[in-house]
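The values are calculated or read from the model by the stated rules, or taken from the named source; none is laboratory data. Keep in mind it's a predicted model, so treat the numbers as computed, not measured. Glycine gets a Cβ as well: all are built from the backbone with ideal geometry, and neighbour counts include every protein chain shown. Calculation scope for accessible area: heavy atoms of the full protein, side chains included, ligands and nucleic acids excluded. Shrake-Rupley method; radii C 1.70, N 1.55, O 1.52, S 1.80 Å.
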Amino acid sequence: ICQGKDYIFNLVGIKGSPKMCAEQPVDFMVPTLQFNTNMMEAAHRAKVKWYLYTSSVGVYAPADVFVEDTVDALITISEHDFLLGEVINISTGKEHRIIDIANLLIKKIRPSAKIILDEDRVRSEKSEVDRLLGDNSKLIMLDKWTPKHNINLGLDKTIAWFKNPNNLNLYKPHIYNI
């Protein structure tokens, strides 16, 4: 899978929260570790120039980094050898509360809509994450990367994506994934 490639971007990670990983570590960690170890070994044997790994444990849905900005950041990181082995946050450096994002979506999609709280979906106070704010200073210092999408533009593009019936058919709203 790595033969003939100069760059490998491994974005495969753990599905579930850090709390779930603590409660069911074997179910989550073993397959991920095996896959990632095999990918790194394959990249090493193929003499890949750059191998970039990002963990989904550190990637949270409320973060407002639009996918195009994430791809631009990954490419920027791969262009700088001095970043090898560094931990780099791809983030806007801004924080948004879920309620604020929900209210923005309501305003953009259906202003008459009301938020209904489903207690089964509320994380306990002992849950693993209280705030989501990434420090993007390592990326910003490169003078090559800044996020091009603010929260409003990212939401507008996401709404447009969901309005396409072909895309909407891929979405499974009846399944709640944590």
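Only helices (runs of 4 or more DSSP H) whose full extent lies in the range 99-178 are considered here, and the ones with at least 2 residues that are open to solvent by less than 90 Å² (accessible area, probe 1.4 Å) and farther than 29 Å from Val87 by Cα are 151-163, 165-168. Ile1 meets the conditions (1) part of a loop (DSSP other than H, G, I, E, B); (2) open to solvent by 90 Å² or more (accessible area, probe 1.4 Å); (3) modelled with pLDDT of 90 or more in every case but one. The failed one is (3). Checking the structure you have, find out if any residue of the range 11-26 is under 17 Å from the mean Cα position of the chain (by Cα), at pLDDT below 85, assigned to a strand (DSSP E or B) and of a type in the set (A, V, I, L, M). No, that holds for no residue.
Residues that are open to solvent by less than 30 Å² (accessible area, probe 1.4 Å) and either of a type in the set (Phe, Trp, Tyr) or under 18 Å from Ile88 (Cβ atoms) (or both) within the range 38-56 comprise Trp50, Leu52, listed in sequence order. Listed conditions (1) of a type in the set (A, V, I, L, M); (2) surrounded by fewer than 17 Cβ atoms within 10 Å (Cβ to Cβ); (3) at pLDDT 85 or above are all met by Ala73, apart from (2). The set of residues in the range 78-98 that are exposed (fewer than 10 other Cβ atoms within 10 Å of the Cβ) and part of a helix (DSSP H, G or I) comprises Asp81, Phe82. Close Cβ contacts (under 8 Å, 6 or more residues apart or on different chains) running from residues in the range 97-116 that are at pLDDT 95 or above to residues that are of a type in the set (Gly, Ala, Ser) comprise Ile106/Ala113. Candidates Phe35, Phe66: the one that is open to solvent by 60 Å² or more (accessible area, probe 1.4 Å) and either at pLDDT 80 or above or touching a Lys or Arg at 6+ places or on another chain (Cβ under 7 Å) (or both) is Phe35.
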